[in-house]
Amino acid sequence: MNPSPAGEASGSMHFVTDQNGYFADNYLVKPATGLRSWLYTLDHKRIGVMYLVGVSIAFALGGFFAMLIRLELLTPGPTVMDAMTYNRVFTLHGVVMIFLFMIPAIPSGFGNFFLPIMLGAKDVAFPRLNLLSWYLYLLGAAIAIYGMVYGGTDTGWTFYTPYSTTTATKVVPVLLGAFVIGFSSILTGLNFIVTTHTMRAPGLTWGRLPLFIWGIYATSVIQILATPVVGMTLLLVAVENAFGWGIFDPARGGDPVLFQHFFWFYSHPAVYIMILPAMAVISEVVCAFSRKNIFGYKAVAYSSLGIAFVGFFTWGHHLFVSGQSVVDGGIFGVLTMFVGIFTAIKVFNWTATLYKGSVAFTTPFAYFVGFLFFLVFGGMTGVALATLSLDVHWHDTYFVVAHFHFIMVGATVMGFLAALHYWLPKITGRMYSEGWGLVAAVMIVLGFNFTFIPQFLLGNMGMPRRYYSYPEKFWALNVASTAGASVLALGLVIVLVYTLVAIRWGPIAGRNPWNSRGFEWMTPSPPPVENFEKPPVFTHGPHEYTDEDPAFPAPHLAPEPKHV
Amino acid sequence: MNELLRRLLFLPEQASEYARQVDALHYFVIVTTMVAAAGVFLAVVYFFVRYRRRGIDDRTPFVHPGFIHEALFVVVPLALFLLWFAIGFPQFVRLSLPPADAMDVYVQGKKWMWKFAYPGGPSSIDTLRVPANRPVRLLITSRDVIHSLYVPALRLKMDALPGRYTQSWFEADRPGRYEIFCAEYCGTGHSAMLGELVVMPEAEFDRWVAEQRRSELVASAQDAATPADRVLPAGNLVEQGRRVASEQGCMKCHSVDGSRHIGPTWVDLYQRREKLKDGTTVVADEAYLTKSMMDPAAQLVDGYQNVMPTYQGKLTPPEVAALVEYIKSLRTQVVRSGPSEGPAYESIPRR
Amino acid sequence: MSDATVAPPQLAHHFESLEKQQHAARLGMWLFLATEVLLFTALFAGYGVYRYLYSDTFQQASRHLHTWIGLTNTLILIVSSFTVAAGLDQAAKGKGRSTFLLFMFSVLCGVVFMCFKAYEYTHHFHEGMLPGRYYTFEALGSGPGGAIFFSLYYLITGLHAFHVMLGMTVLTVIGLRARAGRYTTEYFVPVELAGLYWHLVDLIWIFVFPLIYLA
Amino acid sequence: MAVSESHAESEKLHHSHLGRYVAVLAALVVLTVTTYLAAKVHLPAPWNVLVALAIATAKGSLVALFFMHLWDQEGANRLVFLTSLVFVALLVGLTLADNATRFPLANPPGSTGALPAPEYVPPPQGGATYQR
């Protein structure tokens, strides 16, 4: 609890910053600035930044396809494309958003950047593996996009057999692309686990780890254990599609439901690969902007592991109407109820963290509020969906679509945006425009509600998902959804614009513009190449705001952001 | 109350007792979800107002949760979720286990249509006729990829798996017409794979079945009987069409049982997408059917010879309309002789 | 590094000590092995399900395989695993040359294993015991189980054979490096990791053998 | 702590294990022959597989514990391997449980317990045309 001796706690104090607080010899310019120095870099921060650029492009691409879908659904009949094109577009939307954006976004992007820094380490345990993982991501993305552009895929991102093994479109490249990206994901997870186990700085016990690390660690566990299964499964589908010797083909006695088991054995935990990192970010943001230690550190930390573990026991709730046995349905149904508990624990603890805090309403905090609301509503509708008799009505309708977008967009993207705003000053050394940030946040949260709340109602009415045309009674709500999506998209474009402006022309942020006591704020912004001059020594956990702490000098040392 | 909540939540009609029970759970679940989401949101707002930041370097106390807090955080939601499960699971079990006295209907999904067959009785396409207040078991299968039979009004959905059967059942208690959707993505025609559930009063249904069986007999006896022997119900376009078809000799080349003859079968011809000799496709709508009677060579279906004479001048416009109506009538219910689909249905064990 | 002692040459810049680095490498390898296990799991789960559904066909099918080849291959892999373990023992004593010889013996075992496998596959091709669409073997009747058994057979043994070849490559490279004296009594973790990989290949075969050949 | 853990691991490897290896090798050979012979004995339905799997598990444990040194290692590495085995059991167990307890007709026709095949025509490769 007591602050560590100055200088011990932050070896980085010796780094020289200019009078604005900008550290000139940072990782962006050292060891060199050329393209080659980026392509061959082993620096986890540079790899993280490359990932962030990559996933942002994927997000924009996926968002573009989302808008095409919403445009097509503006009228009940054909609007701007034919059915085949529509099927390809929603497949593209799913594949790009899930495999190219959601799964790598926070762990590989922000995780790569901040995990070693928060551990007080110089790099991840296997820097070369880290770079390999980035190139595997690129390779997988290239293969998948090749398949989608030349031939397209019309199976949906779920690749259900026997549709995926008999369709005329090009499925194999997309499957292989997803397979390769899976390996990229495994390598990242492996690296993070080993790094967390072996590279913690002196004094950083498990009980003092920042909650961001706990979240990323739990994510990595899922990545390691689940991804190989889906890799094999996708390979089986590819082999069946290309050579006709898979094991799911009903014409040869195969069981298509077995594919669904294998697929969801990965893809349900994969949902937690996407949401756990967002929860991890939020755990940092809520502490930083309420200047409070987390309420129930152990509960939040262990619930991440709980989600990772119990998340594996629930995949069958995607199969309630697939011909799965009633016994399995019951088992999976009741186990799903338990996974909801861990999320509930986190939600209550985050809320309670604000108690007796000092709450500042900034852009990241706005996203925290949005995140919390969406997570509760999306999460509870998820548990509702696991209530078997209700699922029978909702399964494969827009209710499900709305539910997982509440989690994936409502929670994960809010987490991503919160992380982007919270850490932009650390990554780039520059500050975004808080005014525009709040405007965009409000637009995104409202636009999001207008997009997806009508979809809940559409699902209740019984509109199945992946419908190209629909009866006229679904029209009004679809128009509302498209209108909401436009607001959401506009908000995201605003974020993109002011972020790009901030990176180039934003005011210098200084070491710690939020006056936060997360460990990553101990080093200058942007951080130097090996993060710290010598490993910091930790004497207490993150986000303790009870006393002066020499590791986090008082704000007058890092005053209001200044323009250069 | 039920009606108000149903409309507020945009739920479709409730055509069975089961649907009403599920909806009751639905209201409970959604209301608790909204209360929880609103509660958390309001708590955040309250804390924000109460503990607003005063200065950039505020000090805050180090707060430790008591055991009771964490226990409450776990127990309250867990109890709630398990309660949902405890209500929902028995409903699901009930839906999964048909009663022994249920009437069987075989359902076959196929790109992109539904076929319903009654043991020993008629079969139909896209229209499922069932009696009210009588349990009906659906034995669902597919010919190609996975489909999913979805009747929102019954809160019922079951996947159709290729090459094997799944089962579900219902007991509709409100006569009427309800939508059937395909809920599992199955290709370009997925959203057009629509059907209709017609719940008929019991007596009416029995009459309908008897009628179907009789007309089957009539259809099989038709070759022997001469048209003049038959009493024609006046004013019924479909019946007139059938008569015209017999008189004009259409049946020499076109079948009404789905088999391939000199010309394409009329079963399911209406709205069928036909591939033509020149490689293009055409949808067999009223215009195409009429045109084909007048100028058969103009749009010849691929795989058939140009042997049909023109009926220009041989048919009056009302007769043409009657023929088209007759062909259209062959779409929704295929009159076929012989036993219906679904082998060994009698030996299917119930669980 | 500002440490007082001179850092050993194998120490990467971001680790504080060689021991920690080796600990990290070992943990990383175990995590990798876990992913390998789960990679095979999908196939084993598929096997389990179809073995349950088509138990008679699967039993008959396994009788049409050469059990003696399966048995011999099992023994070969066990022996090769032993020599790899012994090779690690030698490496720990700093005897790089005997590590090399022992590893080469294991690679030789791998070659023999692959030869048997190739012989077996050739035999199956002639009999029409082929996967999925190409299945023409008639001795199992017309039921659907046979094609699935052979799909699984080729997928499992093929994936395993791929791992054997990877393992042989790894053992060769590490063996050569050991002979060149790259490892010391303080630093031989690559030898250990290569060994772990080979043992895993053995471990998987230990389960493949009874499931496929003795089912 | 990680440091002491890694230290202990390295220490143990420095002892010679040759004797132990020989014993394990002998045990493995004996078990392999046993499993081969056990397969020739005719046992009622599931027992043959169960016996074979039990022996395989014993062999696998020997390899993992002694050849792969899990016996000497601590904490994380053991946990990793054990966890992966838990998930193997999970996937195999729950998928099998599904097939074993399903509505029998929902299992592939021709398989044990299911009824003869209903009409099924596999769709033509790439045949995404209207068949209506």
**Computed magnitude of the charge dipole of the protein assembly as shown (debye, nearest 20; Cβ of K, R +1, Cβ of D, E -1)** = 980
**Prompt:** If a helix is a whole DSSP H run, which ones in chain B reach 30 Å or further along their own axis (Cα) and hold a mean Kyte-Doolittle hydropathy of at least 0.0?
**Reply:** B:17-50, B:67-96
**Complete:** Expressed in nanometres to one decimal, the distance between label points 7 Å along Cα→Cβ at B:L72 and C:A139 is 7.2
**Prompt:** How do the peptides B:160-168, A:40-48 rank, highest first, by the average count of neighbouring beta carbon atoms within 10 Å per residue?
**Reply:** B:160-168, A:40-48
**Request:** Among A:F23, A:F361, rank each residue by its count of other Cβ atoms within 10 Å, from fewest to most, as a rough exposure measure.
**Result:** A:F361, A:F23
**Asked** Which whole-number percent is the relative contact order of chain A (Cα, under 8 Å, 6+ apart)?
**Response** 22
**Item:** Spin-label pair B:D295/A:Y40, simplified geometry with 7 Å Cα→Cβ offset, distance in nm
**Value:** 7.4
**Request:** Kindly give Rg over Rh for region A:400-489, based on alpha-carbon atoms, with the Kirkwood expression for the hydrodynamic radius.
**Result:** 1.11
**Request:** Take the Cα atoms of chain A, find their three principal axes, and give me the spread along each one in whole Å, biggest first.
**Result:** 71, 46, 46
**Asked** What do you get for Rg/Rh of region A:306-434 when both radii come from the Cα atoms and Rh is the Kirkwood radius?
**Response** 1.08
**Item:** Relative contact order (%) - chain B, alpha-carbon pairs under 8 angstrom, separation at least six
**Value:** 16
**Prompt:** For the residue pair A:A476 and D:T34, what label-to-label distance in nm results when each label sits 7 Å from Cα along the Cα-to-beta-carbon direction?
**Reply:** 7.5
**Cα centroid of region A:35-51 to Cα centroid of region D:20-83, whole Å** = 45
**Request:** For every helix of n ≥ 4 consecutive DSSP H residues, a contribution of -39,500 (n - 2.57) applies; sum these over chain A, divide by its total residues, and give [θ] at 222 nm rounded to the nearest 500 deg cm²/dmol.
**Result:** -20000 deg cm²/dmol
**Request:** Could you please state, rounded to a whole Å, how far the C-alpha centre of region A:381-418 is from the C-alpha centre of region A:75-138?
**Result:** 20
**Fill in**
hull vol. (C-alpha, convex hull) per residue for region A:50-183, Å³ -> 108
**Complete:** Along principal axes, largest first, the alpha-carbon spread of the protein assembly as shown in whole Å comes out as 116, 77, 57
**Request:** Rank-order C:83-94, B:14-25 by packing density, defined as the average count of other C-beta atoms within 10 Å over each peptide's residues, highest first.
**Result:** C:83-94, B:14-25
**Gained length - B:N2 relative to B:S246, 0.36 nm times residue gap less alpha-carbon distance** = 82.4 nm
**Prompt:** How high is the relative contact order of chain C, in percent, with contacts defined as C-alpha pairs under 8 Å that are six or more residues apart?
**Reply:** 30
**Complete:** For peptide A:161-171, the mean count of other chain Cβ atoms within 10 Å per residue Cβ is 5
**Request:** Over the Cα atoms of region B:103-206, compute the convex hull volume and normalise it per residue, giving Å³.
**Result:** 81
**Prompt:** For chain B, modelled as a GNM with alpha-carbon contacts under 10 angstrom, which of B:A153, B:A79, B:A102 fluctuates the most?
**Reply:** B:A79
**Translational D in µm²/s for chain B (Stokes-Einstein at 10 °C, 1.306 mPa s, Kirkwood Rh from C-alpha pairs)** = 64
**Asked** Taking Cα atoms, how many degrees apart are the long axis of helix A:127-149 and the longest axis of chain A, rounded to 10 and kept between 0 and 90?
**Response** 30
**Prompt:** Quick one: helix A:297-310 against the long Cα principal axis of chain A, what's the angle to the nearest 10°, folded into 0 to 90?
**Reply:** 30
**Prompt:** How do the peptides A:462-472, B:123-133 rank, highest first, by the average count of neighbouring beta carbon atoms within 10 Å per residue?
**Reply:** A:462-472, B:123-133
**Complete:** Partner shielding of B:151-158, taken as the mean number of other chain Cβ atoms within 10 Å, equals 5
**Prompt:** Rounded to the nearest 5, what is the percent of antiparallel bridges among the DSSP beta bridges in the protein assembly as shown?
**Reply:** 70
**Request:** Can you tell me the 0 to 90 degree angle between the C-alpha axis of helix A:475-505 and the longest principal axis of chain A, rounded to 10?
**Result:** 30
**Request:** Find out how many positive minus negative residues lie around A:P256, taking Lys and Arg as positive, Asp and Glu as negative, among other residues whose Cβ is under 14 Å from that of A:P256.
**Result:** -3
**Complete:** Neighbour-count ranking for C:L211, C:L71, A:L420 (other C-beta within 10 angstrom, fewest to most) reads C:L71, C:L211, A:L420
**Item:** Proxy reagent accessibility, fewest Cβ within 10 Å first, across B:K291, A:K426, D:K40
**Value:** D:K40, B:K291, A:K426
**Request:** Would you please give the FRET efficiency between B:A287 and A:T33, computed as 1/(1 + (r/R0)^6) with r the Cβ-Cβ distance and R0 = 56 Å, to the nearest 0.05?
**Result:** 0.20
**Message:** Are there DSSP H segments in chain C that both extend 27 Å or more along their axis (alpha-carbon positions) and score a mean Kyte-Doolittle hydropathy of at least 1.6? List them, or say none.
**Reply:** none
**Asked** Once you average over the residues of A:284-291, how many Cβ atoms of partner chains fall within 10 Å of each Cβ?
**Response** 2
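Computed from the coordinates by the stated procedures, all read-outs in this text should not be read as laboratory data. Since the model is a prediction, treat every value here as computed from it, not as a measurement. When we count neighbours, we look across all protein chains shown, and the Cβ atoms used for this are built from the backbone with ideal geometry, even at glycine.
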